[in-house]
Amino acid sequence: MANEQRSIDELSMDQANLFREETVTDRQVGTIRISNPITTNGDNDPERQTIYAGETQIMTPMGALPIAFQIEAKSLSEAVEKYGDAGKVAVEKAIKELQEMRREQASSIVLPGSMPGGISGAGPGGGFKLP
């Protein structure tokens, strides 16, 4: 179902896009999910490429944040080799997104009793959104 949104009435699997998944881990840093393309009878589908996806997590003040990322590779050994670089890019992107979300949250703080333009005394329920 990739990035598509389907209604409950359309709940069916895409028979032309089936994969068998395996998980490989070093039990320290993270995992690699190997998605092997298969046909509807369960045979390997040589017409499509295997997909490698890395998974790890970073600790935030609110707890562990899972990070998932694609690894461009043609084999498991290549995926293992590229895991670190692909993971760093994904973690950096997640950190930037968290920082942006934090900035957006900080800019939406409402100050009671304040009005735009420095006029105070707006009374109960008064306030404004900081730019």
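The values are calculated or read from the model by the stated rules, or taken from the named source; none is laboratory data. Since the structure is predicted, the reported quantities are computational estimates derived from the model, not experimental observations. As a convention, Cβ positions derive from the backbone with ideal geometry for all residues, glycine included, and neighbour counts pool all protein chains shown.
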| message | Looking at the structure I just gave you, is Lys74 surrounded by 12 or more Cβ atoms within 10 Å (Cβ to Cβ) and more than 15 Å from the chain's Cα centre (by Cα)? | response | no
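Would you call Ala68 at pLDDT 95 or above, touching a helix residue (DSSP H, G or I) at 6+ places or on another chain (Cβ under 7 Å) and not in a helix (DSSP H, G or I)?
Values: at pLDDT 95 or above: yes; touching a helix residue (DSSP H, G or I) at 6+ places or on another chain (Cβ under 7 Å): no; not in a helix (DSSP H, G or I): yes.
No, not satisfied.
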| request: Please identify the pairs in which a residue from region 25-53 that is in a strand (DSSP E or B) has its Cβ atom under 7 Å from the Cβ atom of a residue that is among the basic types (Lys, Arg), counting only partners at least 6 apart or on another chain. | output: Asn36/Arg20; Pro37/Arg48; Ile38/Arg20; Ala53/Arg33
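Does Tyr83 meet the test of being modelled with pLDDT of 95 or more, within 30 Å of Arg102 (Cα to Cα) and among the aromatic types (Phe, Trp, Tyr)? Outline the logic, then answer.
Details: modelled with pLDDT of 95 or more: yes; within 30 Å of Arg102 (Cα to Cα): yes; among the aromatic types (Phe, Trp, Tyr): yes.
Spelling it out, Tyr83 is indeed modelled with pLDDT of 95 or more, within 30 Å of Arg102 (Cα to Cα) and among the aromatic types (Phe, Trp, Tyr).
Within region 42-54, identify whether any single residue is surrounded by 13 or more Cβ atoms within 10 Å (Cβ to Cβ), closer than 30 Å to Arg102 by Cα, in contact with a strand residue (DSSP E or B) (Cβ under 6 Å, 6 or more places away or on another chain) and not hydroxyl-bearing (Ser, Thr, Tyr), and answer yes or no. It would help to see each step written out before you state the result.
At the first step, the residues of region 42-54 found to be surrounded by 13 or more Cβ atoms within 10 Å (Cβ to Cβ) are 45, 48, 50-54.
Restricting the remaining residues to those that are closer than 30 Å to Arg102 by Cα gives 53-54.
Now restrict to residues that are in contact with a strand residue (DSSP E or B) (Cβ under 6 Å, 6 or more places away or on another chain): 53-54.
Filter once more, keeping what is not hydroxyl-bearing (Ser, Thr, Tyr): 53-54.
Among the residues of region 42-54, at least one is surrounded by 13 or more Cβ atoms within 10 Å (Cβ to Cβ), closer than 30 Å to Arg102 by Cα, in contact with a strand residue (DSSP E or B) (Cβ under 6 Å, 6 or more places away or on another chain) and not hydroxyl-bearing (Ser, Thr, Tyr), which makes the answer yes.
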| message | Looking at Gln57, Gln28 in this structure, which one is exposed (fewer than 14 other Cβ atoms within 10 Å of the Cβ) and at negative phi? | response | Gln28
| note | Residue pairs within 9 Å by beta carbon, gap of at least six or interchain, first lying in region 73-84 and of a type in the set (S, T, N, Q), second in a loop (DSSP other than H, G, I, E, B) and at pLDDT 95 or above, listed first then second, are Ser75/Thr50
